[in-house]
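Asks: Input: one structure, supplied below.
The values are calculated or read from the model by the stated rules, or taken from the named source; none is laboratory data. As the structure is a prediction and not an experimental result, all values here were calculated from the model. Please note: Cβ atoms are built from the backbone with ideal geometry, for glycine as well, and neighbour counts cover all protein chains shown. Accessible surface areas use protein heavy atoms only, side chains included; no ligands, DNA or RNA. Shrake-Rupley method; radii C 1.70, N 1.55, O 1.52, S 1.80 Å.
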Amino acid sequence: MTIVKRGDLAITEGDMVVGSYNQVMSGYPRGAAARDPRLKWPKVNGKVTVAYRVHPSLPSQARAALQQAIAEYNAKTCVRFVPQTREQNFVTVFFGQGCYSYVGSIQQGEQELSLGQGCEFKGTAVHELMHALGFYHEQSRPDRDQYIAINFQNIERGMEDQFDICQDCTTQDIPYEYSSIMHYGAQAFTANGRDTMVPKQRGAMILEPYDKPGLTALDVKKIHKLYGC
């Protein structure tokens, strides 16, 4: 697992926070996957409630993208992102170094979600919020080799393990989806401008999250299945 240091955080696969840098480098466990109930946010009156706070550093374009993403979750799913008041565990959305989020609720008070330079798109905000709900990347699913081929010769040197299969994840018995908001684009981590991922389904395309309109019907189904909505 390749770890990148941003501030005090350890980040893998481009945008997933796996803990503090010092803890991870000293062998602190990465944590559980989406199926771990400890990573779930609480339900209030049948709705999954995620409190959030917008940091003053977040620029207007990123704020707009965030609000568009929240509106989509609130309209299409059983998740309700609500402004933080007295909630002890909450997400702070700020302007950091790139786009990243913890996976699920870390249940340790404030947890950061960054929408930095180049992240001011609705699709990107939807992607990061879904990480916060407890989801890893679609291309890391245990069954991904049935659906995409990884061109390791095109991957930036040292980033090959960003394409590792998640050992602790579950497919939830939901079909693999190229258009999922959680699927990276075909040239993710490219070293030469060529595709690092090629779909095995004829005619399929793999777009970056920022080029996608938002949640797919299967993304919504995944959320509802994980949280029992």
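Asks: Provide the FRET efficiency to the nearest 0.05 for the residue 117-residue 43 pair, computing r from the beta carbons and using R0 = 41 Å.
Replies: 0.70
Asks: Count the net charge of all other residues whose Cβ sits under 15 Å from the Cβ of residue 55, scoring Lys and Arg as +1 and Asp and Glu as -1. Could the numbers behind the result be given before it?
Replies: Working: positive: 53, 63; negative: 110, 112, 120, 128.
Summing Lys and Arg as +1 and Asp and Glu as -1 gives -2.
Asks: Same structure again: Obtain the nm distance between the two label points defined at residue 200 and residue 76 by a simple spin-label model: each point lies 7 Å from its Cα along the Cα-to-C-beta direction.
Replies: Placing both labels 7 Å along Cα→Cβ, they lie 2.7 nm apart.
Asks: Collect residues whose amide H, placed 1.01 Å from N in the peptide plane, falls under 5 Å from the amide H of residue 80; neighbours closer than 5 in sequence don't count.
Replies: Amide H neighbours of residue 80: 48, 49, 50.
Asks: Let me ask you something else. List the trypsin sites (Lys or Arg not before Pro) in region 110-188 that DSSP assigns to loop (not H, G, I, E or B) and whose Cβ has at most 10 other Cβ atoms within 10 Å. Which are they?
Replies: The qualifying sites are 157.
Asks: Which percent of the accessible heavy-atom area of region 41-99 goes to carbon and sulfur, probe 1.4 angstrom?
Replies: C and S fraction of accessible area: 53 percent.
Asks: Let me ask something additional. Under a 1.4 Å probe, what is the accessible area of region 26-150 per residue, stated in Å²?
Replies: 45 Å²
Asks: Say the cut-off is 28 Å between C-alpha atoms; which of 47/200; 76/200; 40/212; 43/222 go over it?
Replies: 47/200; 76/200
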